[in-house]
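The values are calculated or read from the model by the stated rules, or taken from the named source; none is laboratory data. What you see is a predicted model; the values in this text were computed from it and never measured. Here the Cβ positions follow ideal geometry from the backbone for every residue, glycine too, while neighbour counts run over all protein chains shown.
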Amino acid sequence: MSNSLETANQPEKLKRTVIEPLTRVEGHGKVTLLQDEDNNIRQARLHIVEFRGFEKFIQGRPYWELPVLVQRLCGICPVSHHLAAAKATDMLVGAAQLTPTAEKVRRLLHYGQVLQSHALHFFHLCSPDLLFGFDDEVRHRNIVGVMEDYPEIAKQGVLLRKYGQEIIEIISGKRIHGVSAVPGGVVKSLNNEEIQYLLGDIDQITEWAVGAVTIMKRIFMEQLDYHQEFAHIDSNMLSMIGNDGSLELYHGNLRANDMNGKSIFDRVDYTDYQDYIREGVKNWSYMKFPFIDSIGAEHGWYRVGPLARMNNCDFISTPLAEKERQEFRNIGGNKPVQSALAYHWARLIELLHCAEAINGLLHDPDISGDDLMNKGELQRVGIGVLEAPRGTLFHHYEIDDDGLVERANLIVSTTNNNQAMNESIRQVASKYLSGNELTEPLLNQIEVAIRAYDPCLSCATHAMGKMPLEISLVDSNNALIDRIEKGSTGQIKRSNN
Amino acid sequence: MPEQQTFKLDSKTIPFRDGDTIMDAALRAGEYIPHLCHNPEFTPHGSCRVCVVSANGRHVSACTQQAMNDMEVDNRSDAIMDKRRNLLQMLFVEGNHVCPGCEKSGACQLQAVAYYTNMLSPHYTHFFPKRSVDASHADIAIDFNRCILCELCVRASRDVDRKNIFSISGRGIKARLVINSDTGKLGDSDLTATDKAVHVCPVGAILPKHRGYDKPIGERLYDRQPVSQVGDVAAHDEDDNHG
Ligand code: SF4
């Protein structure tokens, strides 16, 4: 049903509400809602309103600059772009395999990144909705409110994030936009002092990660039916998978399952991704709409990210996270868990997995090895794929004889979730908003649905920015009926005509 | 024995020999005067003007101005630093310097001198000139976006390598570095990776191919000490010269 809300007939006759910009998401986007005279929602769309185009910008640049250049397309998860580009350039320099030290240092960096990103998303951006309710007063429904009411949780969120950032800083020299990976390897490994420093806190970090999963699980289970139903859509799921079917964030093959958990494709070498995935465009969004080619554009869209990974993998290699995964999968019965809000739960299980995996790597002697680089014959095509915090991330480059980039194609995690986010907001719009006068708490539900995906709109359009919220309700003649503004400090201003 | 000739650099007395420039004498005495196109191995050129000082009240380039007995040279006043900063800002906006993505970052003399003069922003409007990368050579690439026309490669290729591979074409704002080969491409010149010209670039314009960023952040040439103590990038090992 919600599908029909993509395009309304005679939209000019409908009332238009715009949620712009979206708050507590990374980047800048907007949602438009069209209502008829009885307030029934007739159209709902998530638009990404910025455009930057890194693919063009890097044309003509030397390939060895890519890992450093492209990480600049995002300040939120630069490490993911740094590593995906590095993997692509590994292929360009013919490094079929990295040295054990290089691979493990990169993994450690990646786990640090996923840990800090997931912590930020849950504690800073989403815990206000989940702890206080979607309709809590706006001035309270934010991280400051969490600090006041749940100081211990807020503190853990801050320190979990800090720990991930420290890993990033130690390995890459900076918290944001450092340098670690180069084509064929890494520039440094960890020394003993650095390892001991990180080991000092890892037990505490793991304990907090377990605590975070427990909180989320409790919240989810307390209103199981509502949480299962809210923004629920049935979708295909795409993710990377380890050779043994395990949850894999850094390197593996691609797996896609349908909404019932049945295989669409499995163990696909990601360098063949173009044989399986295509990108559609729509005239109302800068963001592309990828889909699984064998199913087609209409039904072939899929979800990526923590929910897809948790549903697709057969097991998790670390014990605490595996135990949580089993509990998580139980709520779906034999089927994949399809609730959008289950993203939060899956995300925190991954956070726990990262803490455990970090612990393992810090005890691995390879992490301080000094065999850092591998190179072979230069190739013309390099494709690097990994699981970024928000989902599968594709970097694809083609270079000329001189080593300069001729063509680049990036499919970022959020783009993979484009159709799914649109479907989720349509579900919320038709189920909870339709027929009602739009109020801030109702509109927040749309944002709650989007936030579940942790979209990085910066990445998706390769742009950056975050601003306060402004919602305008205009009638079919474009006359302003109602307007709510939220400043960056959280103060609300309402202006009626 | 003739009396030692000296001049004053700020408050310090600097001895000099006949024929010395202010720069020669200052460097020998361990005093830093910011510079980019100067390299003691080559004939002074005076083109970047970053070594501007005030000598007896006149603005001159320290690298070309002969030292004179009892001369009073202002090298550190705010007024002189302001001038240098302006010159550096113009160098930045004339080219396309994307330091965060540049292999030379952290080991780049232009960047290091900019830090030294406390340059916090480009200040002027960027020209965004359309320039290219020539990666046609097997081992060496030139990124013309980052060239500051210091002519060190021109001088090194002419005076040391005896190959005359580089020259400057055009004047004023149209001046640009060109390659003397049939096609104008570096790959068709007889440049080799061991040529002196390849090892004198103070910025990230002439670089070895297939590598970069191999020094971790924190260990690059200018990460720990300022250029006033580390000195020229060309005076250091090849391994230190890449960010
Ligand atoms: S050459 Fe120097 S100043 Fe120019 S971009 Fe590179 S680091 Fe920055």
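Here are the numbers for the structure shown:
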read-out	value
Residue that is nearest to A:Gln71 (Cα to Cα) [pool: residues in the stretch A:164-188 that are more than 8 Å from chain B (Cβ to nearest Cβ) and surrounded by fewer than 24 Cβ atoms within 10 Å (Cβ to Cβ)]	A:Ile176
Selection status of A:Ile233, at pLDDT 95 or above and among the aliphatic types (A, V, I, L, M)	no
Flag if A:Trp284 is in contact (Cβ under 8 Å) with a residue 12 or more places away in the chain, among the hydrophobic types (A, V, I, L, M, F, W, C) and touching a Pro at 6+ places or on another chain (Cβ under 8 Å)	no
Cross-chain or 6+ apart pairs with Cβ under 7 Å, the stretch A:136-150 first and surrounded by fewer than 14 Cβ atoms within 10 Å (Cβ to Cβ), then not polar (S, T, N, Q)	A:Arg139/A:Gly490; A:Arg139/A:Ile492
Residue within the stretch A:72-83 that is within 18 Å of B:Tyr213 (Cβ to Cβ), at pLDDT below 80 and within 14 Å of chain B (Cβ to nearest Cβ) present	yes
Residue ID - nearest to the ligand (Cβ to nearest atom), chosen from residues in the stretch B:150-169 that are buried (at least 17 other Cβ atoms within 10 Å of the Cβ) and among the charged types (D, E, K, R)	B:Glu151
Test: residue in the stretch A:334-352 that is surrounded by fewer than 17 Cβ atoms within 10 Å (Cβ to Cβ) and either over 17 Å from the mean Cα position of the chain (by Cα) or of a type in the set (Val, Ile, Thr) (or both)	yes
Test: residue in the stretch B:124-138 that is in contact with a strand residue (DSSP E or B) (Cβ under 6 Å, 6 or more places away or on another chain), within 14 Å of chain A (Cβ to nearest Cβ) and not in a loop (DSSP other than H, G, I, E, B)	yes
Unique match (being more than 14 Å from chain A (Cβ to nearest Cβ), surrounded by 14 or more Cβ atoms within 10 Å (Cβ to Cβ), acidic (Asp, Glu) and within 13 Å of the ligand (Cβ to nearest atom)) among B:Glu103, B:Glu31, B:Glu41, B:Glu94	B:Glu94
Filtered residues of the stretch B:108-149 (kept if of a type in the set (Gly, Ala, Ser) and near the ligand (Cβ under 8 Å from one of its atoms))	B:Ala114
Unmet criterion (only one of (1) part of a loop (DSSP other than H, G, I, E, B); (2) in contact with a Lys or Arg (Cβ under 9 Å, 6 or more places away or on another chain); (3) surrounded by 16 or more Cβ atoms within 10 Å (Cβ to Cβ)) for B:Lys83	(1)
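Conditions (1) buried (at least 22 other Cβ atoms within 10 Å of the Cβ); (2) without any contact (Cβ under 8 Å) to a residue 40 or more places away in the chain; (3) within 14 Å of chain A (Cβ to nearest Cβ), marked per residue:
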position	(1), (2), (3)
B:Arg171	no, yes, no
B:Asp190	no, yes, no
B:Val198	yes, no, no
B:Val203	yes, no, no
B:Pro216	no, yes, yes
